[in-house]
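Okay, so here's the structure we're looking at.
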């Protein structure tokens, strides 16, 4: 019995083992932090003159458009997400359970696909204006619809595609906060609207702010919507400076200013997580469908149903239905002959990125478990910052240092080994896989780390006490128990890689075309019908992470 007690708790790692895990975590953090370091270094090198030139030309436009786009899209997402979350959590109306799940579906639709679809639907020759002319007999000069290809149109698309970030966190906050406090306010004479504004909303404000921070990060990182709607933002500015004008210095300066926005949003998001308060009580743990916080009349139930249906229709149902109708046309099916080549490129890229992310995430998770030091915690924080880095910033931040290293390596190989095959790293798929792994490391690490935390550490100690070596412990204990987490993490990274656009456009080699880049090129040439099938595949692939997010939100 004493021997069993001896191995009931895990042994501390040996100093040598802990140092090895710490070193592995620091190496991964150094590789993941390379683009941030490159951008910061470039911002310090000749910063005054470069920024003065940008400030006199394009920088004010980029700052104004980016800030205004974030403000408008964030306002739409916060209003829609918070309102729908309150209706789902606090009231009861027909279809509430179905809509509680369906309100997350817009996240399955990449924002750039929604931009292509709505631009085509609302175009002069599109179905909306055609039907309007047929129904009214009006001519083109008799009415004027708002131009969707504008900053307001971009905010509309981004707001209705990204509001589920706010909805998920707000729904959880409303469902778990104290019902007693709300009812106490009602008993003191407060009407439901006043009790919502003064009791429920302040308690849920940290969660809403956290969701809004995620929305703003996505808006800042957006390239497809801004580029297609001709909105000059930081992402489009970096892309044009780097590829269109070949001005690397300007692209790096823009990336440095963009990094200031990123740091502000990351800091805000971290503060909202630290600031969340827990006001739940016993009644909140089990909401009763027969005893809602706010009882609605028949008219109120109908209005609540409509209010929750509109975001789902705008953000998912209408675009998905329109895309499916285009995919059934002969033109779309004739263009699908080249689809296998794009599928192979996407599958290869997704599998390579998922494999690299899983390997690095396992190292980080085990380093945290075996060597829980401050250095490891800091390394993990740096290594998982990729979720906040826009694809354009990440691509530019990697190209500069790796391009210089590649030129030196190629020069050495040419002078000493007779190599004459050109650059070894830049312009290859390896660089793209590296960049995407940095971008989506957070997705893999969160899943693997949560799976590892559910494994009792005593199993490891017991197996070691029975003579099992590290390899056998890994194969017989950790591999089977971590398999679901690894599969989920790999699937999420794979799907995110399929949908990534700006980093893939900048870093991909000339012989690699993915579903996302093919859809972008066809839509840019006003050939959305030919892009319908690859776009529909991207939309279908996005349903998996949406289902995972919805499940986590309910938990």
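The values are calculated or read from the model by the stated rules, or taken from the named source; none is laboratory data. Just so it is clear, the model here is predicted, and its values are computed rather than measured. As a convention, Cβ positions derive from the backbone with ideal geometry for all residues, glycine included, and neighbour counts pool all protein chains shown.
Quick one: which helices (runs of 4 or more DSSP H) sit completely within the stretch 110-222 and have at least 1 residues that are in contact (Cβ under 8 Å) with a residue 40 or more places away in the chain and under 30 Å from residue 387 (Cα atoms)?
111-121, 151-162, 164-176, 201-221
Among the residues that make up the stretch 329-341, is at least one of them modelled with pLDDT of 85 or more and not in a helix (DSSP H, G or I)?
Yes, some residue in the stretch 329-341 is modelled with pLDDT of 85 or more and not in a helix (DSSP H, G or I).
Can you spot a residue in the stretch 356-374 that is within 28 Å of residue 497 (Cβ to Cβ), surrounded by fewer than 16 Cβ atoms within 10 Å (Cβ to Cβ), out of contact with any strand residue (DSSP E or B) (no Cβ under 6 Å at 6 or more places or on another chain) and modelled with pLDDT of 85 or more?
Looking through the stretch 356-374, at least one residue is within 28 Å of residue 497 (Cβ to Cβ), surrounded by fewer than 16 Cβ atoms within 10 Å (Cβ to Cβ), out of contact with any strand residue (DSSP E or B) (no Cβ under 6 Å at 6 or more places or on another chain) and modelled with pLDDT of 85 or more.
Sort out which residues of the stretch 98-125 are surrounded by fewer than 16 Cβ atoms within 10 Å (Cβ to Cβ) and either in contact with a helix residue (DSSP H, G or I) (Cβ under 8 Å, 6 or more places away or on another chain) or at pLDDT below 90 (or both), and write them in order of number.
124, 125
With the requirement that a residue be surrounded by fewer than 21 Cβ atoms within 10 Å (Cβ to Cβ) and either within 22 Å of the chain's Cα centre (by Cα) or more than 29 Å from residue 526 (Cβ to Cβ) (or both), what does the stretch 229-255 give you?
232, 248, 249
Only one of these is at pLDDT 85 or above, surrounded by fewer than 22 Cβ atoms within 10 Å (Cβ to Cβ) and touching a helix residue (DSSP H, G or I) at 6+ places or on another chain (Cβ under 7 Å): 536, 482. Name it.
On inspection, the qualifying residue turns out to be 536.
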